[in-house]
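**Student:** Pasting in a structure now, in structure tokens, and then I'll have a few things to ask.
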Amino acid sequence: MQAFLFKVYETQMGSWTADLKIQGFKMGKAGGCCLYLPYPIMLLLKPNCEHCGTLLPNNSEDAMICSYECTFCRNCVADLLENVCPNCGGGFVQRPPRPAMGLRRHPASTVTYLKPIDMQAFLPLKKRLVHLAPTER
Ligand SMILES: [Zn+2]
Ligand SMILES: [Zn+2]
């Protein structure tokens, strides 16, 4: 079974959507909250924490991602976000490092993603979700 995305386009600031085709048939839509997608299918390795700018190279064990690839450092996720993604409300896991042979074909992004959290806007969302498991939000 082969699935692929085509017609990737931005819908609004900070998000993208694409039609999803499986074996040549249009099966639906896919999307995410990342604006710059040089490679629409594989995980986007952002080089820094989107809030504080801490560098998060591929091999960093402090890179945390949500299911939409919003990327923050471990400290921001623990102390500031309390495991609530300010963009999608989901939880975080440690980003898996890409192996060297994969990096040669699909290198980490060199685009700086810096979108410091608007705490005033984020706090109500955090309050509502922080006590729920990510799958229950
Ligand atoms: Zn950070
Ligand atoms: Zn997110």
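**Student:** If you scan segment 89-132, which residues turn out to be assigned to a loop (DSSP other than H, G, I, E, B) and either outside the structural domain of Cys73 (by TED's automatic domain parsing) or in contact with a Gly (Cβ under 7 Å, 6 or more places away or on another chain) (or both)?
**Tutor:** Residue satisfying the conditions is Leu114 alone.
This table checks each residue for (1) in contact with a Ser or Thr (Cβ under 8 Å, 6 or more places away or on another chain); (2) farther than 27 Å from Ala133 by Cα; (3) surrounded by 16 or more Cβ atoms within 10 Å (Cβ to Cβ).
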site: Cys73; (1), (2), (3): yes, no, yes
site: Asp79; (1), (2), (3): no, no, no
site: Glu82; (1), (2), (3): no, no, no
site: Pro107; (1), (2), (3): no, yes, no
site: Met119; (1), (2), (3): no, no, no
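**Student:** Now a separate question. Mind checking which residues of segment 75-87 are of a type outside the set (Asp, Glu), modelled with pLDDT of 95 or more and either out of contact with any strand residue (DSSP E or B) (no Cβ under 7 Å at 6 or more places or on another chain) or not assigned by TED's automatic domain parsing to the domain that holds Lys126 (or both)?
**Tutor:** Those that are of a type outside the set (Asp, Glu), modelled with pLDDT of 95 or more and either out of contact with any strand residue (DSSP E or B) (no Cβ under 7 Å at 6 or more places or on another chain) or not assigned by TED's automatic domain parsing to the domain that holds Lys126 (or both): Asn75, Cys76, Ala78, Leu80, Asn83, Val84, Cys85, Pro86.
**Student:** Given (1) more than 13 Å from ligand 1 (Cβ to nearest atom); (2) surrounded by 12 or more Cβ atoms within 10 Å (Cβ to Cβ), identify the lone condition not met by Leu55.
**Tutor:** Status for Leu55: all satisfied but (1).
**Student:** Can I ask one more? Looking only at residues in segment 59-75 that are hydroxyl-bearing (Ser, Thr, Tyr) and assigned to a loop (DSSP other than H, G, I, E, B), which one is nearest to ligand 2 (Cβ to nearest atom)?
**Tutor:** Once the filter is applied, the top-ranked residue is Tyr68.
**Student:** Shifting gears a bit: May I ask you to list pairs of residues, at least six apart or on different chains, whose Cβ atoms are under 6 Å apart, with the first in segment 110-136 being aromatic (Phe, Trp, Tyr) and the second being part of a loop (DSSP other than H, G, I, E, B)?
**Tutor:** Once the first residue is aromatic (Phe, Trp, Tyr) and sits in segment 110-136, its partners that are part of a loop (DSSP other than H, G, I, E, B) give Tyr113/Lys46; Tyr113/Glu50; Phe122/Pro86.
The values are calculated or read from the model by the stated rules, or taken from the named source; none is laboratory data. In this text, all values refer to a predicted model and were calculated from it rather than measured experimentally. Please note: Cβ atoms are built from the backbone with ideal geometry, for glycine as well, and neighbour counts cover all protein chains shown.
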